[in-house]
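Read through the structure below, which is laid out as structure tokens, and then see the notes.
The values are calculated or read from the model by the stated rules, or taken from the named source; none is laboratory data. Because the structure is a prediction, the values reported are computed rather than measured. Don't worry about glycine lacking a Cβ; one is built from the backbone with ideal geometry, like all the others, and counts go over all protein chains shown. The accessibility values were calculated without ligands, DNA or RNA, using every heavy atom of the protein model including side chains. Shrake-Rupley method; radii C 1.70, N 1.55, O 1.52, S 1.80 Å.
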Amino acid sequence: MKITKICCIGAGYVGGPTMAVIAQKCPHIQVTVVDLNEQRIKDWNDPNTDNIPIYEPGLSQIVSEARGRNLFFSTEVDKAIDEAEMIFISVNTPTKTYGKGKGMAADLKYIELCARQIARVAKQNKIVVEKSTLPVRTAEAIKSILDNTGNGVQFQILSNPEFLAEGTAVTDLLNPDRILIGGDTTPEGEEAINSLVDVYANWVSKDRILTTNVWSSELSKLTANAFLAQRISSINAMSELCEKTGADVNEVAKAIGMDSRIGPKFLKASVGFGGSCFQKDILNLVYIAKTYGLNEVADYWEQVIIMNDHQKRRFSNKIVQTLYNTVADKKIAFLGWAFKKDTNDTRESAAIYVADDLINEQAKIAVYDPKVSKNKMLNDLDYLETRTSLDNKEYLNAFDNAYEACQGAHAVAVLTEWDEFTNYDWKKIYDSMHKPAFVFDGRNILNSKELEAIGFVYSRIGS
Ligand code: NAD
Ligand code: UGA
């Protein structure tokens, strides 16, 4: 089937950027991104593309180019489903917070709602593409819902997981390592796969477009995230051992990364990984393994999360211990709140957990993040339900610049690796702080020699 109209349900961190790039690269395809969230759609349609709801380097230019030409954002979900030959499902699949599998399994209620809506609206044959990250064998459930409408419409379900990382979404989408498309091995399934291959082939060379069966594709996504997160937990585990032994984790990472079998990427020790997906996807993997009775497999992967929680807690403990075992009423400045640089996303950011621990010790947290609003920070803390919103407001404050956040602080903690932090006038920061002035570098980005020469007591992860 030659695709002329695409609909994407879900205008979030994946749906928005992915569809913007498809629209830019395929001017002959009309792409409509729909969402239930009216404000989000309004923001995507903001005349000034600097105000679109997701900050990603290069994204606003692509949206400017394609929006109104062949890229549309709308709340008219039924209409977009009806018109499209191909429908991407890009809705959120968070960890379940209730019932069976609470705290581990993926919550598929939004996915099921989409499937039911497609089933209700579709009058012609459609290709339904799973873009969201899903437990292996979800396509079976979607197919069962779609095939039981009795209206004679034929559906093909494809799995096309997204591998973009936030902060580099546009470059990842423009130059993907690979595109993965899973589908049925029947002639109709293969035809559907080819339709999607043809869309990507507008800018991705065919040797990077991998086709598999549906289950391999679904499971590859969970596997990729599990392996990536595992590398971080592995290097973070070593960072603690480095601190005890006089080894330096940066040197260890470099030494092992030069082994071509290990490779240099994703070996940065840190205060712990965050983001909406690593933890959620590993918990989901653990849950799936358990449902098949594979307890050793489940325990093996769960350790990646346990190590990550330990790394976050270790960082806050270190701050308390170093500040003479009390941070009560002390101002601790946080540089960064986002889960990584170049994004305004804060989901599961290590900063949230470190702040929560320190507030338990009655510290006053003063945050500066170039892209995150105070409201978002407070919402993140409230979500943990450790204390009332009013208390969170009393203990956390946000500032428009780093110098103000650090003024009068006992310690500065670097929680996100924003480039600008390395270019600050650290002497000016030092002069405005209580002495001894401590810096806890949770991202190993600052120049230790320079800071120590100024007079800071500097410590970082893994040395
Ligand atoms: P998100 O929360 O930013 O966006 C999801 C959007 O779907 C929301 O705006 C929500 O309002 C909308 N939605 C939910 N149900 C709907 C419905 N029935 N009809 C219309 N709209 C609906 O989530 P995200 O970060 O874009 O992630 C989406 C999926 O992609 C998840 O499965 C995630 O695991 C996966 N993923 C995310 C990333 C990432 O970097 N964030 C990368 C790869 C894969
Ligand atoms: C990750 C994967 O990299 C993407 O391929 C995947 O598509 C996505 O999850 C997803 O499924 O959502 P993302 O979470 O956006 O992308 O960002 P990463 O660059 O992977 O960083 C995740 C976390 O790990 C961040 O907190 C980052 O600071 C941390 N990290 C990363 C480290 O601590 N050390 C590293 O060496 C690398």
Local electrostatic count at R443 - Lys and Arg +1, Asp and Glu -1, tallied over other residues with Cβ under 10 Å: +2
Charge tally in the Cβ shell below 14 Å around A192, where Lys, Arg are +1 and Asp, Glu are -1, A192 excluded: -4
Dipole magnitude (debye, nearest 20) for the chain, charges at Cβ of Lys, Arg, Asp, Glu: 260 debye
Unit charges on C-beta of K, R, D, E only; dipole of the range 123-229, Debye: 120 debye
Size of charge dipole - the range 261-396 - debye, nearest 20, with Cβ of Lys, Arg +1 and Asp, Glu -1, no other charges: 580 debye
Shape of the chain, Cα gyration tensor, a/c cut at 1.5: prolate
Mean separation of Cα contacts under 8 Å (6+ apart) over length of the chain, as relative contact order %: 12 percent
Principal-axis tilt of helix 374-384 within the chain, Cα atoms, nearest 10 degrees: 80 degrees
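Under the rule a/c < 1.5 gives rounded, and otherwise a/b versus b/c splits prolate from oblate, where does the range 395-450 land using the Cα gyration tensor?
Taking the square roots of the gyration eigenvalues as a ≥ b ≥ c, the range 395-450 is rounded.
With Cβ to Cβ distances under 15 Å as the rule, what net charge do the other residues near I262 carry (K, R +1; D, E -1)?
+3
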Computed accessible area, F440, all protein chains, 1.4 angstrom probe, square angstrom: 10 Å²
GluC sites (Glu not before Pro) lying in DSSP loop within the range 322-405, provided at most 13 other Cβ fall within 10 Å: E385
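Apply the a/c threshold of 1.5 to the C-alpha gyration tensor of the range 248-333 and tell me whether it is rounded, prolate or oblate. All intermediate terms of the calculation are to be shown ahead of the outcome.
Details: a/c = 2.76, a/b = 1.34, b/c = 2.06.
In terms of gyration-tensor shape, oblate.
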Protein-only accessible surface order, largest first, of H310, H28 at 1.4 Å: H28, H310
Listed residues A119, M307, I332: farthest to the positive end of the dipole of the chain (Cβ charges): M307
Residue pairs, from the table K96/K254; K25/K268; K143/K290; K2/K376; K331/K376; K221/K254, whose Cα atoms sit over 31 Å apart: K96/K254; K25/K268; K2/K376
Farthest toward positive dipole pole in the range 243-306 [+1 Lys/Arg, -1 Asp/Glu at C-beta], among A289, C277, V252: C277
